[in-house]
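Single-structure report; data block below.
Here, each number is a calculation from the coordinates, and none is a lab measurement. Every value quoted in this text rests on a predicted model; they were computed, and no experiment measured them. Here Cβ is always computed from backbone atoms with ideal geometry, including for glycine, and neighbour counts include all displayed protein chains.
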Amino acid sequence: MKKDKSVIIWLLSGCVLVFVMVVVGGITRLTGSGLSMTDWHLVTDTFPPLTEAKWQETFETYKQFPEYKKVNIHNNFSLEDYKFIYFWEWFHRFIARILGVVFIIPFIYFLIKKKLDAATLRKGLILLGMGALQGFFGWFMVRSGLINNPDVSHYRLSLHLTFAFLTFAYTLWVALDLIYPERNSVILPMRKLARITLVVILIQIIYGGFVAGLDAGFIHNHWPLMSDGQFFHDSISLEKNTWLARFTEGKSGVQFIHRTLAYIVVSLILLLFFKSRSLLLSNTQKKGIYALLIIVFIQFTLGVFTLLYSVPLWLGVTHQAVAFLLLSAMTYTLHRFSK
């Protein structure tokens, strides 16, 4: 591990920056800032407008797009209001740029210094591709809200969000391969259950993106039942014509799936915990299981209060941040049961 220390720090720094970027992305979504920058340039919009005249010019450009024409024009939307939403979208993109620099420059340095073995080099190239693809997904998402409908596609938002989580998880996995070069004996039943749990968590993250994209957290703000004391609310069947659409495009259906998956995630992690009680585990495996158990209950509680209080900014962002911690613990636990 000592000879790989600088590479490990580099990879973990990337994890931290992805985490920060997604948290800022959550703030950007919840403050309605995501469509404030109507174009993307690699260099020229690295910093916000520096003069009042440039701010006015940028604001006038924004006024030509659907969000202003259909929504904000009716809200006495001023230049100061625009500066606020512009900041969050700019900051989100700025962190993405920093992340690119933090990844690419050390990668080239480690390549020249021959600090990357063949396996790590291959994984680094995969990460480079994932980072580039994530940038494309970000613009692909924003583009959907600049044409006719002043809101981004919830499918594209979820794709952008979920791929960020996947990039984070893979970066962490590569770092863990270097931190723990030794190989444990694989406990096959635990590894299989951990893999299933990871898949369900990722599906839950996808549906978290659907909930955010459809603003589905602002309805049925009751728990444990939905509105009117119903477990399966009548509105689910009324929103869309097909069952697939009801559970992928209807606000009530999407929220129902997200609520239900939360119970399944908790159940699977509890099952991991109880199965582990009868096994002789290493200290790292035990730490992974206990971390999962603690974080999943924190996340479940945050989810309930986020719903009950109709998604206040700080709760919505915290709920998303703890989802990262849950994915981290799940990735760590699966790694410890797989290698």
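Return the lysines within reach of residue 251: Cα separation strictly under 20 angstrom, same-chain partners fewer than 8 residues apart disregarded; answer none if there are no such residues.
240
Relative contact order, percent, of the chain when contacts are C-alpha pairs under 8 Å separated by at least 6 residues? Before the final figure, lay out each step's value.
Numbers: 366 pairs, mean separation 74.2, N = 339.
Reported as a whole number, the value is 22 percent.
If packing is taken as the average number of other Cβ atoms within 10 Å across a peptide's residues, how do 132-145, 226-239 rank, most packed first?
For the peptides 132-145, 226-239, the packing ranking is 132-145, 226-239.
Within the P(r) computed for the chain, what percentage of the Cα pairs occupies the region above 28 Å?
Working: 28050 of 57291 pairs.
Of all Cα-Cα pairs in the chain, 49 percent lie more than 28 Å apart.
Could you check the simple spin-label distance between residue 41 and residue 83, using points 7 Å along Cα→Cβ, in nm with one decimal?
Simple spin-label model gives 2.1 nm for this pair.
Going by average Cβ neighbours within 10 Å, how do the peptides 217-223, 203-209 rank, with the highest at the top?
203-209, 217-223
Taking a ≥ b ≥ c as the square roots of the eigenvalues of the Cα gyration tensor of the stretch 142-259, is the shape rounded (a/c under 1.5), prolate (a/b larger than b/c) or oblate?
Verdict is oblate for the stretch 142-259.
I'd like the FRET efficiency for residue 155 and residue 126, computed as 1/(1 + (r/R0)^6) with the beta carbon distance as r and R0 of 25 Å, rounded to 0.05. Spell out each step's value before the answer.
Numbers: r = 24 Å, r/R0 = 0.97.
About 0.55, to the nearest 0.05.
Please list, or write none, the lysines whose alpha carbon is within less than 26 Å of the alpha carbon of residue 54, excluding same-chain residues fewer than 8 places away.
Excluding near neighbours in sequence, the set is 63, 69, 70, 83.
On each of the three principal axes of the Cα atoms of the stretch 25-163, give max minus min coordinate, whole Å, ordered largest first.
58, 35, 21
List the aspartates and glutamates whose alpha-carbon lies under 18 Å from that of residue 115, not counting same-chain residues fewer than 8 positions away?
Excluding near neighbours in sequence, the set is 4, 177.
Using a 10 angstrom cutoff on alpha carbons, build the Gaussian network for the chain and name the most mobile of 31, 242, 318.
For the chain, modelled as a Gaussian network with Cα springs under 10 Å, the answer is 242.
Alpha carbon centre of the stretch 221-256 versus the stretch 305-339: separation in Å?
Taking the Cα centre of each part, the stretch 221-256 and the stretch 305-339 sit 23 Å apart.
Hey, if you drop one equal point scatterer on each alpha-carbon of the stretch 182-339 and run the Debye formula without solvent, what base-10 log of I(q)/I(0) do you get at q = 0.11, 0.15 Å⁻¹?
-0.48, -0.80
Counting only other residues whose beta carbon sits under 11 Å from that of residue 239, what net charge do I get with K and R as +1, D and E as -1?
After counting each charged neighbour, the total is +1.
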